[in-house]
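Contents: one structure, followed by commentary.
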Amino acid sequence: MIISRPQAGKVRTRRNFVMSFLVGLFLIAPWVVLPEGSPLIRLDIPHRMFHLFGGLFIPQEGLILWFFLLTMGLSLFFFTSVIGRVWCGWGCPQTIYTDLFDRIGRFVLDSKYGKKDASIHGKFTVYFLWIVVSFIASFHWIAYFVSPYEMLADYLNFAAFSQTYFYFTLFFTAAMFIDIGFIREQFCRYACPYARFQTLLMDEHSWNVTYDFKRGEPRRDGKTKIGDCISCNMCVVVCPTGIDIREGLQVGCVACGKCVDACTSIMAKEDKKTLIGYFSLKQIETGAKIKWIRPRTVVYAILLTVVISGAIIQLITRSPMSMIAASNKSMPPILIPENKIRAFVALRIQNIAPIEKEFHLSAFDTRHGKEILIRSGEENNQFKLGSGEIKSISVVLETQTLTEQELNEGYLPGSIVLNNAQDPDERLEKKLSLTLPRR
């Protein structure tokens, strides 16, 4: 386990702002409830609903999930190719909470933090505070799946022990305590999949934490000064993963910028510019400006634009209702007097709008353009559903009188239409093929 030296500087100040914002957002978001009563963000697995910024999504909308995952993946590709491992150094929970754990350790143990001669009492105090932070973070992580207000009430009433989320919270608390407290940089260097393929996404034009080897090498050897690097090794001392940035781009580098601040402060004493900063390799080699527009960034940008555009179109055109229609296999369509067909269909209807709505059911013979009588047990085939509410009903369809030719066609293509009773243009149509009984 590596305990790096703290380092102040411009990059540190900016990272403090970004990390504070991200942690604050993470802790606040699950508590926010919108005016209509739905949570800001909640993945409600038992009820198979996902609340996101006022929108309600269900598993049947797999295309939207596909767009979301593809957007995340392409965003990672695009931004890594342009500005390197910005996620690792500025947004990754592993980096953020490792930094927070270190702050707690230094607050309690001061200069003894990370040293073997630290007091046992002090170490246990640090471990206790780490567990508390781990529990708070795990509680809020679970709060994205379960209402935090319900969980808090259960904890205060000592009723949480019988709930499933309690054991998930304990698991994540233990996992975070062990990972951030003891595994730390080993995860970044050996287990993180992103670190494995980052070199495939970056090239000599990527803007990343880089050492200016042309100015720095060869390094100072004893009192013999050759390059600008004075071999102070501060960049290694402050590195949270223990690498030497002067050896070039490495899997262990999380681009946190601590070495940038360290080198900047040391070189300032020499009245020189920093040797480590946010540069591109090509910029150091040739002194040319960074080439932001290049084949791989253009390809990633085009793909990302296409996917985002598709996601926006899908969101704009999505219907705020869901309906699954299936013929009753145990009760096939039957022929009744006057050459009419009666069929039995099971419907599962869900309101995926953030507000209560009133719906109306109708059915049509799409081949002959005739209306089909539908009996749902509801007055005028209208009913109300609250946000996220599901209604499962069995309906009876009855066609108009069919001719001999129509009866001999073998099947009848029809459709069931669900529409908003207040807005007929807001509709959802499900195709349904009715098998005509043989006479």
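The residue list R14, R5 contains one member that is part of a loop (DSSP other than H, G, I, E, B), of a type in the set (D, E, K, R), out of contact with any strand residue (DSSP E or B) (no Cβ under 8 Å at 6 or more places or on another chain) and surrounded by fewer than 19 Cβ atoms within 10 Å (Cβ to Cβ), which is R5. Evaluate segment 131-154: report whether one residue or more is of a type in the set (S, T, Y), under 30 Å from G37 (Cα atoms), assigned to a helix (DSSP H, G or I) and in contact (Cβ under 8 Å) with a residue 60 or more places away in the chain. The answer is yes; a qualifying residue exists. With surrounded by 13 or more Cβ atoms within 10 Å (Cβ to Cβ) and part of a helix (DSSP H, G or I) as the only criterion, which of L335, L304, L361, L347 stands out? Matching residue, one of L335, L304, L361, L347: L304.
Of all residues in segment 38-48, one or more are within 29 Å of I180 (Cβ to Cβ) and open to solvent by 40 Å² or more (accessible area, probe 1.4 Å). Pairing each residue of segment 389-415 that is part of a loop (DSSP other than H, G, I, E, B) with any residue that is hydroxyl-bearing (S, T, Y), provided the two are 6+ apart or on different chains, yields C-beta distances under 9 Å for G410/T435. Check segment 332-339 and report whether any residue there is of a type in the set (A, V, I, L, M, F, W, C) and within 44 Å of the chain's Cα centre (by Cα). Checked segment 332-339: no residue is of a type in the set (A, V, I, L, M, F, W, C) and within 44 Å of the chain's Cα centre (by Cα). Could you please let me know if T98 is surrounded by fewer than 17 Cβ atoms within 10 Å (Cβ to Cβ), assigned to a helix (DSSP H, G or I), in contact (Cβ under 8 Å) with a residue 40 or more places away in the chain and among the β-branched types (V, I, T)? No, not satisfied. C235 falls short of the stated requirement of being open to solvent by less than 40 Å² (accessible area, probe 1.4 Å), on the phi < 0 side of the Ramachandran plot and in a loop (DSSP other than H, G, I, E, B).
Residues checked against (1) touching a Gly at 6+ places or on another chain (Cβ under 9 Å); (2) over 16 Å from A346 (Cβ atoms):
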{"site": "T366", "(1), (2)": "yes, yes"}
{"site": "K370", "(1), (2)": "no, yes"}
{"site": "L373", "(1), (2)": "no, yes"}
{"site": "S376", "(1), (2)": "no, no"}
{"site": "T399", "(1), (2)": "yes, yes"}
{"site": "E404", "(1), (2)": "no, yes"}
{"site": "L407", "(1), (2)": "no, yes"}
{"site": "L418", "(1), (2)": "no, no"}
{"site": "Q422", "(1), (2)": "no, yes"}
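Among the residues of segment 49-68, what is the count of those that are closer than 15 Å to L315 by Cα, of a type in the set (A, V, I, L, M) and open to solvent by 20 Å² or more (accessible area, probe 1.4 Å)? Qualifying residue count, segment 49-68: 4.
Residue pairs whose Cβ atoms lie under 6 Å apart, separated by 6 or more positions or on different chains, with the first residue in segment 22-38 and in the same structural domain as A143 (by the TED database) and at negative phi and the second open to solvent by 60 Å² or more (accessible area, probe 1.4 Å) and aliphatic (A, V, I, L, M), are E36/I355. Consider segment 238-273 and keep the residues that are open to solvent by 20 Å² or more (accessible area, probe 1.4 Å) and among the β-branched types (V, I, T). The one that is nearest to R196 (Cα to Cα) is V251.
Within segment 358-372, no residue that is under 16 Å from K431 (Cβ atoms) and touching a residue at least 60 places away in the same chain (Cβ under 8 Å) sits with its Cβ atom under 6 Å from a residue that is basic (K, R) and assigned to a strand (DSSP E or B) at 6+ positions apart or across chains. S111 passes every criterion in (1) within 23 Å of S4 (Cα to Cα); (2) in contact with a helix residue (DSSP H, G or I) (Cβ under 9 Å, 6 or more places away or on another chain) apart from (2). Of all residues in segment 364-388, those satisfying the criterion of being part of a strand (DSSP E or B) and open to solvent by 50 Å² or more (accessible area, probe 1.4 Å) are F364, K370, E371, L373, R375, Q382, K384. Which of the following residues is open to solvent by less than 80 Å² (accessible area, probe 1.4 Å) and at pLDDT below 95: W90, W130? Only one candidate passes the filter, namely W90. Looking only at segment 426-436, decide whether some residue is of a type in the set (A, V, I, L, M, F, W, C), touching a Phe, Trp or Tyr at 6+ places or on another chain (Cβ under 8 Å) and outside any strand (DSSP E or B). Yes, segment 426-436 has at least one match. Candidates in segment 307-324 are the residues that are open to solvent by 30 Å² or more (accessible area, probe 1.4 Å) and part of a helix (DSSP H, G or I); of these, the one that is farthest from L76 (Cα to Cα) is T317. With respect to the conditions (1) surrounded by fewer than 15 Cβ atoms within 10 Å (Cβ to Cβ); (2) at pLDDT below 95, Y149 lacks only one, and its number is (2).
Quickly run through segment 404-439 and pick out the residues that are modelled with pLDDT of 85 or more, surrounded by 13 or more Cβ atoms within 10 Å (Cβ to Cβ) and more than 18 Å from A326 (Cβ to Cβ). Within segment 404-439, N419, N420, A421, E426, R427 meet the criteria. E429 satisfies every condition listed in (1) in contact (Cβ under 8 Å) with a residue 24 or more places away in the chain; (2) in contact with a strand residue (DSSP E or B) (Cβ under 8 Å, 6 or more places away or on another chain) except (1).
The values are calculated or read from the model by the stated rules, or taken from the named source; none is laboratory data. This structure is a prediction, so every number in the text was calculated from the model and none was measured. With ideal geometry, Cβ positions are generated from the backbone for all residues, glycine too; neighbour counts draw on all protein chains shown. Protein only, heavy atoms only, side chains kept; ligands, DNA and RNA dropped before computing areas. Shrake-Rupley method; radii C 1.70, N 1.55, O 1.52, S 1.80 Å.
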